[in-house]
C-alpha cells in the first residue's frame, strides 16, 4: 500500500467510545448486506460497501483499508469516492431492478394506490440520481472555482 496516496480516505479521530463500536457494528452489517448482494441477483453490493467504508473510516482504520484495497470491491468503491462514477452496467442493473420492483409491487402486492405511490416517490429520485452520475472517469482536470485575474 502506498502511504503517499493523496486520495486515500483520512479517518477521523478513532477514540474508544460507544459511538465507535456502534459504527463498527453498522459497518459490518453493511458488509454483510453487500456480501448478500454478491449472490442474490438484484440486491446491490457496492452501495453497502461504500457505506461500510464510511463507517469503518470513523471506527477502524484496519477494516477501512481492507475494503479500500480489496482486489474485487476496492475499485468501484474508489471510483465512487474519487470521481463519483457509477459504471454503466451498475446503472442498467439498478434501473431494471427498480422498475421490476415497482411493477411487482403495483400488480402483485399492493391493494391500493398508496404503496405504489410511496414506492414511486422513492424510486424515481433514486433512479434519476443513479442515471445522472458519470459512467466513466474523465481525464479532464477539474474547473477551478475561482479565476484569478492576470
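Some values worked out for this structure:
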| quantity | calculated |
| --- | --- |
| Checking residue 138 against (1) within 29 Å of residue 26 (Cα to Cα); (2) modelled with pLDDT under 90; (3) in a loop (DSSP other than H, G, I, E, B), the condition it does not meet | (1) |
| First in region 34-45 and touching a residue at least 12 places away in the same chain (Cβ under 8 Å), second anywhere and loosely packed, with under 13 Cβ neighbours inside 10 Å, Cβ under 6 Å, 6 or more apart | 45/38 |
| Filter result for the condition that a residue is at pLDDT 90 or above and either out of contact with any helix residue (DSSP H, G or I) (no Cβ under 9 Å at 6 or more places or on another chain) or surrounded by 13 or more Cβ atoms within 10 Å (Cβ to Cβ) (or both), over 124, 118 | 118 |
| Options 79, 19; residue that is modelled with pLDDT under 95, assigned to a helix (DSSP H, G or I) and touching a strand residue (DSSP E or B) at 6+ places or on another chain (Cβ under 8 Å) | 79 |
| Any hit, region 40-56, residues being at pLDDT below 90, over 20 Å from residue 126 (Cα atoms) and outside any loop (DSSP other than H, G, I, E, B) | no |
| Qualifying residue in region 91-110 (condition: in a loop (DSSP other than H, G, I, E, B) and modelled with pLDDT under 95) | yes |
| Test set (1) at pLDDT 90 or above; (2) part of a helix (DSSP H, G or I); (3) assigned by TED's automatic domain parsing to the domain that holds residue 55 - residue 72 fails condition number | (2) |
| Unique residue being closer than 30 Å to residue 118 by Cβ, surrounded by 19 or more Cβ atoms within 10 Å (Cβ to Cβ) and more than 13 Å from the chain's Cα centre (by Cα) when the list is 88, 93, 98 | 98 |
| Residue that is surrounded by the most Cβ atoms within 10 Å (Cβ to Cβ), among those in region 26-63 that are over 26 Å from residue 135 (Cβ atoms) and in contact with a helix residue (DSSP H, G or I) (Cβ under 7 Å, 6 or more places away or on another chain) | 56 |
| Sole exception among (1) in the same structural domain as residue 37 (by TED's automatic domain parsing); (2) crowded, with 16+ Cβ neighbours inside 10 Å; (3) without any contact (Cβ under 8 Å) to a residue 60 or more places away in the chain for residue 78, by number | (3) |
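The values are calculated or read from the model by the stated rules, or taken from the named source; none is laboratory data. If you're wondering where the values come from, they're calculated on a predicted model, not measured in any experiment. Here Cβ is always computed from backbone atoms with ideal geometry, including for glycine, and neighbour counts include all displayed protein chains.
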